[in-house]
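Colleague: Here it is, the structure, as structure tokens.
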Amino acid sequence: MTFQSLQMKFLNTMGARSSFLRLALVTLSIFLLFSVLNPGVFLSGANFQFIFLSTPELALLALAISVTMLTAGIDLSVVGISNVSAIAAAQLMVIMGGTNQSVPVAMLVAVAVGAVCGLVNAALIALLDVPPILATLGTQQLFSGIALVLSGGSIIKGMPEAFTNIALITVAGIPLIFIIMLAIAALVGILVSKSSLGFQMRMVGSNPKASDYSGINRIKVLTFTYLTSGVLAGIAGLIISSRASGANSQYGVTYILLAIVVAVLAGVDPEGGYVTVSGVIIAVLALQMLSTGLLSIQNSPHVVNIMQGALLIFIVALNAWGYKLSAWIKALLGGVKAHSS
């Protein structure tokens, strides 16, 4: 098989995963279920505004992990990166007197810090050949420790309103940070599905040896992958600190497991080679709708955790058995058609 034919095969299979359709149907089912059980609360504008407001940081962290999973890796340091990036930005804004002019500079610093952290991961994984799970587990501790030292273990306040109000701005009733998240997700989607670099990322994830023989620079691809993950985590840190009106080394500590859950729900292949950005966004919305829907009919957050775990197990089982079930149904219909003829 030539490199060109292999390339066409990969490109043709990008949209062929039925796991995305199953996720969409499950999400629609969640929406319809709670629309019937408690329409007054679940279908209210305030509820959906809350869903859109709480989605962006988790979606960005899930995308950061997903792009690394595309290359058969993982980034467990995204929360540490987001916190150290947010703390660096917050301290800069405070040092500059909390003026509105400090906001764009601080944002650039946060993105730059995220990029540097991503390059640290890339150096360990691409150059030193450290397994991604071990490398990023170690850097998660490293970045979290740096964030703790920089913040002194306290919440950094005193940031300008021009920054903290970003999370409060709405456009036609939709939070601005949700719109920003959609724009970033669209760029990531173009990167992984339309660019030659995105194809190389899928190749590296699906078959590293074949990618080496085909002339793909695996070090370059992995470096850009973890750089992208770091930048996405840095932006997520800005959104978290804007919503919280402060920066802290402990913010978002529960997001790492949720972000992995989102990636799995979206059908991202942990062994590399497949990712769907739209699936990640839908998976986050499904989790948020499940959370707000359950809270609208009962008051225990523990039930929410249980049902989120149950949803993950259900989707994984559905994806695992979906192909066999589909083949069984096709065989059954084929037998009925042959018998009738």
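The values are calculated or read from the model by the stated rules, or taken from the named source; none is laboratory data. Keep in mind that what you see is a predicted model, and the values were worked out from it rather than measured. Backbone-built Cβ (ideal geometry, glycine too); neighbour counts: all protein chains shown. These accessible areas exclude ligands, DNA and RNA; they are computed on the full protein's heavy atoms, side chains included. Shrake-Rupley method; radii C 1.70, N 1.55, O 1.52, S 1.80 Å.
Colleague: Considering only helices (runs of 4 or more DSSP H) fully contained in the stretch 152-217, which possess at least 1 residues that are of a type in the set (K, R)?
Modeller: 176-194, 196-206, 208-213
Colleague: Which condition number in (1) without any contact (Cβ under 8 Å) to a residue 40 or more places away in the chain; (2) open to solvent by less than 30 Å² (accessible area, probe 1.4 Å) is the one that I179 fails?
Modeller: (2)
Every residue, every condition in (1) more than 25 Å from S195 (Cβ to Cβ); (2) of a type in the set (V, I, T); (3) open to solvent by 10 Å² or more (accessible area, probe 1.4 Å); (4) without any contact (Cβ under 8 Å) to a residue 24 or more places away in the chain, yes or no:
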| position | (1), (2), (3), (4) |
| --- | --- |
| A62 | no, no, no, no |
| I65 | no, yes, no, no |
| T68 | no, yes, no, no |
| V78 | no, yes, no, no |
| A90 | yes, no, no, no |
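Colleague: Return a yes/no flag: does the stretch 109-126 have any residue that is exposed (fewer than 13 other Cβ atoms within 10 Å of the Cβ) and out of contact with any Asp or Glu (no Cβ under 7 Å at 6 or more places or on another chain).
Modeller: No: zero hits.
Colleague: Look at the stretch 140-176 and say how many of its residues are open to solvent by 70 Å² or more (accessible area, probe 1.4 Å) and either in contact with a Pro (Cβ under 6 Å, 6 or more places away or on another chain) or small (G, A, S) (or both).
Modeller: So the answer is 1.
Colleague: Could you run through the stretch 100-111 and say how many residues are in contact (Cβ under 8 Å) with a residue 60 or more places away in the chain and more than 15 Å from N83 (Cβ to Cβ)?
Modeller: The number of residues fulfilling the criteria is 3.
Colleague: To continue, here is another question. Would you mind stating whether G97 is free of Cβ contacts under 8 Å to residues at least 24 places away in the same chain, assigned to a loop (DSSP other than H, G, I, E, B) and open to solvent by 50 Å² or more (accessible area, probe 1.4 Å)?
Modeller: Criteria met by G97.
Colleague: Assuming T254 fulfils every condition listed in (1) open to solvent by less than 40 Å² (accessible area, probe 1.4 Å); (2) among the β-branched types (V, I, T); (3) within 14 Å of the chain's Cα centre (by Cα) apart from one, which condition is it?
Modeller: Answer for T254: the failing condition is (1).
Colleague: Identify all residues within the stretch 267-287 that are open to solvent by 30 Å² or more (accessible area, probe 1.4 Å) and assigned to a helix (DSSP H, G or I); write none if there are none.
Modeller: Correct list: S278, I282, L285.
Colleague: Also: For the stretch 124-152, name all the residues that are touching a residue at least 40 places away in the same chain (Cβ under 8 Å) and among the aliphatic types (A, V, I, L, M).
Modeller: The answer is I125, A126, L127, I133, L137, L142, I146, A147, L148, L150.
Colleague: Within the set of pairs 6+ apart or on separate chains, which have a first residue in the stretch 20-38 that is modelled with pLDDT of 90 or more, a second that is of a type outside the set (D, E, K, R) and exposed (fewer than 15 other Cβ atoms within 10 Å of the Cβ), and C-beta atoms under 8 Å apart?
Modeller: F34/I297; S35/L43; L37/I297; N38/I297
Colleague: How do the pairs read when you match residues in the stretch 164-176 that are within 14 Å of E57 (Cβ to Cβ) with residues anywhere that are assigned to a strand (DSSP E or B), using Cβ under 9 Å and keeping only pairs 6 or more apart or on different chains?
Modeller: Close Cβ pairs (under 9 Å, with a partner that is assigned to a strand (DSSP E or B)) amount to A167/P175; L176/T170.
Colleague: Going by the conditions given, is V79 under 29 Å from D212 (Cβ atoms) and either touching a helix residue (DSSP H, G or I) at 6+ places or on another chain (Cβ under 8 Å) or assigned to a loop (DSSP other than H, G, I, E, B) (or both)?
Modeller: no
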